[in-house]
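K.L.:
Just dropping this structure here.
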Amino acid sequence: MEWIESLLFETDSIAHIVFIYALTIALGVRLGKIKIFGVSLGVTFVLFVGILLGHFQFSVNTNVLNFLREFGLILFIFSIGMQVGPGFFSSFKQGGILLNGLALLIVGLNIAVGLIIYFGFGNISITDMIGVLSGAVTNTPGLGAAQQTLIEVNGSTSDVSATIQNMSMGYAAAYPLGVVGIILSLIIIKALFKINLEKETSEIERDTEQSQLKPYLVTFAVENQFISGKTIQKVHDIIDRNFVISRIKKPSGEIIIPKSSTVIETGDLLYSVISAQDLDTYTAVIGPNLDMNWDDVTPQNVVSRRILITNSSYNGRKLGSLRLRYGYKLNATRVNRAGVELLACANLTLQVGDRITVVGQIDDIERLAIKMGNSMKRLNEPNMVTMFIGILLGIIAGSIPLQFPGMTVPMRLGLAGGPLIMAILISRFGYKVHLVTYTSSSANLLLREIGICLFLASVGLSSGERFVETVFNNTGLLWVLYGFAITLIPLLIVGIIARGKYKLNYYSIMGLIAGGTTDPPALAYSNKVANSDAPAVAYSTVYPLTMFVRVITAQILILALA
């Protein structure tokens, strides 16, 4: 039976290390799916399983554990950056400014409450408080960034290792009531303002219809003599809006696929793609819109098809530079990017993974499809070069010392902040240097889940030995209470401001609070209550900036106070 003993307790054995990690992650993920009052902890339960196994003396080689913890954190952070990067900068536009401002207020108040407890009571160290703070706002990357910064500043000594374990235990103590507190704040805000969910749903639907920016297909009858005899390019200059004319039916019944030099005449029917909000403008300039089934009048050799861009040579090119009308006798009408429909404007920058809707003859469409790749198999292949170039640059960026006034040691973005910033920049601007940044949602999710599971399992296994004696006493009870205060007080304040002062829709507030605490269980609860994507929209609007700020502020707190 020596092989069993070796498998279970020989800490330097590769088989033992893989066995312990596999057991920890498998049990954690499975138990994390169990719902209590409709809420589950998800992969975070891996942390608690790791603590349990660590408590019963299941451990692994310390050097391997540290490597897997940091590498898992890098994978997780980088995957998050690649996911949120494309929308990071656009999230500051329009209503996103208000939502992001309120999310930053949540972050600031979380830190303020934590610091008030730290300076006011004096019975908790700053490192323990940062662990409790990270658990209270359910932000694992912030915990990892703080721990990694502590190692960079003080080195990997036994005292630092003990401090890191205490931070992890503070995180674990505060996390469960953190999830509960986030959802409780949503319930309290709903009761406080006597919110009617049906009314909130109606308002969201009305606002969505009014602000709809998706491409809208409509047929116009040309009646305005002012534009009769003018080319499509000239009409573009007159209206000064983005639109595409897919097909034209002449009074004679002829169907043509127009180009910019095509002349419009009175009596023409224009099958157009516009923004829904511009409908009145086009009606005033061109003529009335009609209900018409173009499939009944379009010749069989003229079809509409979607082409998938998988040829990396098209990555970063402007749609207008393809000259589809002259080279292929095709018109591009719409571009679908990650499920979002965009108008096929000449200045639209294409990316691998885009789906272009084109109209023309099938032979011409097939010629273009061959050029653009149109291969789902190719799209499913992960772009490993981009990923590891990003991680490489992220590690370099994270290692650069940044000296700020008042700090005795220089700040570094570290193994968390560096890859996060680089992933955001690469996913948004990588096409400019011909990096293919497309990653399928499933591949990104897999990398992210593997990374966070490795990190949480490592944190749990390293903390388990002292968890019971540290947490299950008066100190641990204080951590739980402190964490609950850090969670609930800022969320109630911001929720009241969002509803009372800015009259935000309750579903948007739900997404704001879930995103402001980077808490997927709260988002799942919000989606269930709302039965719409309104909370998810607000969540995705504030999540990138919130995640970035929480990672950076965790490091600043360590550098300034630890």
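The values are calculated or read from the model by the stated rules, or taken from the named source; none is laboratory data. These figures come from a predicted structure and were not determined experimentally. Cβ: placed from backbone, ideal geometry, glycine included. Neighbour counts: every protein chain shown. For the accessible areas, the whole protein counts, side chains as well, though only heavy atoms, and no ligand, DNA or RNA atoms are used. Shrake-Rupley method; radii C 1.70, N 1.55, O 1.52, S 1.80 Å.
K.L.:
Search the range 201-223 for residues being at pLDDT 85 or above and out of contact with any Gly (no Cβ under 6 Å at 6 or more places or on another chain), and hand back the single one that is farthest from Ile286 (Cα to Cα). Talk me through it step by step, then tell me what you get.
P.N.:
Within the range 201-223, the first condition is being at pLDDT 85 or above, and the residues that meet it are 218-223.
From what is left, the residues that are out of contact with any Gly (no Cβ under 6 Å at 6 or more places or on another chain) are 218-219.
Details: Val218: 12, Thr219: 11 Å.
If we take residues in the range 201-223 being at pLDDT 85 or above and out of contact with any Gly (no Cβ under 6 Å at 6 or more places or on another chain), then Val218 is farthest from Ile286 (Cα to Cα).
K.L.:
One residue is enough: does the range 140-155 have a residue meeting the conditions at pLDDT below 80 and not in a helix (DSSP H, G or I)?
P.N.:
Yes, the range 140-155 has at least one match.
K.L.:
Could you check the range 1-75 for helices (runs of 4 or more DSSP H) lying wholly inside it with 1 or more residues that are open to solvent by 50 Å² or more (accessible area, probe 1.4 Å) and at pLDDT 80 or above?
P.N.:
Helices (runs of 4 or more DSSP H) meeting the threshold: 14-32, 45-55.
K.L.:
Test each condition in (1) in a loop (DSSP other than H, G, I, E, B); (2) surrounded by fewer than 17 Cβ atoms within 10 Å (Cβ to Cβ) for Gly353 and report the one that comes out false.
P.N.:
Condition (2) is where Gly353 drops out.
One line per residue, one yes/no per condition, for (1) within 39 Å of the chain's Cα centre (by Cα); (2) at pLDDT 85 or above; (3) among the hydrophobic types (A, V, I, L, M, F, W, C):
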position	(1), (2), (3)
Ile286	no, yes, yes
Asp296	no, no, no
Ser304	yes, no, no
Thr310	yes, no, no
Tyr314	yes, no, no
Leu319	yes, yes, yes
Arg323	yes, no, no
Tyr326	yes, no, no
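K.L.:
Also, quick follow-up: Of all residues being among the charged types (D, E, K, R) and open to solvent by 70 Å² or more (accessible area, probe 1.4 Å) in the range 467-502, which is farthest from Ser161 (Cα to Cα)? Just the residue, please.
P.N.:
Here the residue is Lys501.
K.L.:
I've got another one for you. Tell me whether the range 341-348 contains one or more residues that are assigned to a loop (DSSP other than H, G, I, E, B), modelled with pLDDT of 80 or more and under 24 Å from the mean Cα position of the chain (by Cα).
P.N.:
Yes, there is a match, as at least one residue in the range 341-348 is assigned to a loop (DSSP other than H, G, I, E, B), modelled with pLDDT of 80 or more and under 24 Å from the mean Cα position of the chain (by Cα).
K.L.:
If you don't mind, there's one more thing I want to ask. Here are Ser260, Ser246, Ser275: which of them is in contact (Cβ under 8 Å) with a residue 24 or more places away in the chain, farther than 19 Å from Leu290 by Cα, hydroxyl-bearing (Ser, Thr, Tyr) and surrounded by 15 or more Cβ atoms within 10 Å (Cβ to Cβ)?
P.N.:
None of the other options fit; the residue is Ser260.
K.L.:
Considering the range 303-317 alone, what residues qualify as being assigned to a helix (DSSP H, G or I) and in contact with an Asp or Glu (Cβ under 9 Å, 6 or more places away or on another chain)?
P.N.:
Hit for the range 303-317 is Tyr314, nothing else.
K.L.:
Among the residues in the range 325-336, are any part of a strand (DSSP E or B), closer than 25 Å to Gln83 by Cβ, aliphatic (A, V, I, L, M) and open to solvent by less than 60 Å² (accessible area, probe 1.4 Å)?
P.N.:
Yes: the range 325-336 contains one or more residues that are part of a strand (DSSP E or B), closer than 25 Å to Gln83 by Cβ, aliphatic (A, V, I, L, M) and open to solvent by less than 60 Å² (accessible area, probe 1.4 Å).
K.L.:
Take the residues of the range 479-502 that are more than 9 Å from Gly178 (Cα to Cα) and of a type in the set (Ser, Thr, Tyr): which is modelled with the lowest pLDDT?
P.N.:
By that ranking, first place goes to Tyr502.
K.L.:
Follow-up question, since we're still on this one. Go through (1) buried (at least 22 other Cβ atoms within 10 Å of the Cβ); (2) within 30 Å of Phe467 (Cβ to Cβ) for Asn154 and report which single condition fails.
P.N.:
(1) is the only condition that Asn154 fails.
K.L.:
Another question about this same structure. Can you tell me which of (1) within 27 Å of Phe455 (Cβ to Cβ); (2) within 23 Å of the chain's Cα centre (by Cα); (3) in a helix (DSSP H, G or I) is the one Leu186 doesn't meet?
P.N.:
(1)
K.L.:
Here is a further query. What are the residue pairs meeting all of these: first residue in the range 281-306, first residue in contact (Cβ under 8 Å) with a residue 12 or more places away in the chain, second residue among the acidic types (Asp, Glu) and open to solvent by 50 Å² or more (accessible area, probe 1.4 Å), Cβ atoms under 8 Å, and 6 or more apart or on different chains?
P.N.:
Close Cβ pairs (under 8 Å, with a partner that is among the acidic types (Asp, Glu) and open to solvent by 50 Å² or more (accessible area, probe 1.4 Å)) amount to Ile286/Glu223; Gly287/Glu223; Pro288/Glu223.
K.L.:
For the range 399-413, indicate whether the set of residues that are modelled with pLDDT of 85 or more and not basic (Lys, Arg) is non-empty. Spell out how you get there, then give the answer.
P.N.:
So the first thing to find is which residues in the range 399-413 are modelled with pLDDT of 85 or more, and the list is none.
Within the range 399-413, none of the residues are modelled with pLDDT of 85 or more and not basic (Lys, Arg).
K.L.:
Out of the range 157-185, which residues are in contact with a Phe, Trp or Tyr (Cβ under 7 Å, 6 or more places away or on another chain) and either open to solvent by 50 Å² or more (accessible area, probe 1.4 Å) or farther than 15 Å from Val132 by Cα (or both)?
P.N.:
Result: Leu177, Ile183.
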